[in-house]
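What follows is a short report on a single structure.
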Amino acid sequence: MSHSSQDPKNPQLPNKVIDLLVSDIFSKNNININEAKKNISDEQKKMLRELVLDLSKQVDQFVNDNEDASNVTTEKQKKIRFKK
């Protein structure tokens with residue numbers, strides 16, 4: 001289930017999350033992971049890769065937006081402290 005492209009800052013988290021979610025869904029539906037891998041078409045594999053890439057981009061954007069918001073908040077707090 002894991003793929004080789006990894007974020008150097010956090011190399012295992014995305015793959016672990018994906019593996020956990022997929023395994024959970026498969027177990028809830030009584031699907032054998034090895035059998036499912038054998039029965040997936042090339043088109044489905046391509047669609048799944050694109051989905052994972054899109055989700056990764058969305059997560060990265062979300063994290064970056066939150067980091068930017070945190071930095072702005074921190075800067076505002078520093079300014080308030082210096083005004084006192």
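None of the figures in this text is laboratory data; all of them are computed from the coordinates on show. Quick caveat: nothing in here was measured; it's all calculated off a predicted structure. With ideal geometry, Cβ positions are generated from the backbone for all residues, glycine too; neighbour counts draw on all protein chains shown.
A few notes on this one:
- Length released on extending from Asp42 to Gln58, taking residue separation times 0.36 nm less the Cα-Cα span: 3.3 nm
- Residues whose amide H comes within less than 5 Å of that of Ile31, counting only those at least five positions distant or on another chain, are absent (H built at 1.01 Å from N in the peptide plane).
- Summing Lys and Arg as +1 and Asp and Glu as -1 over all other residues whose Cβ lies under 12 Å from the Cβ of Glu43 gives a net charge of +1.
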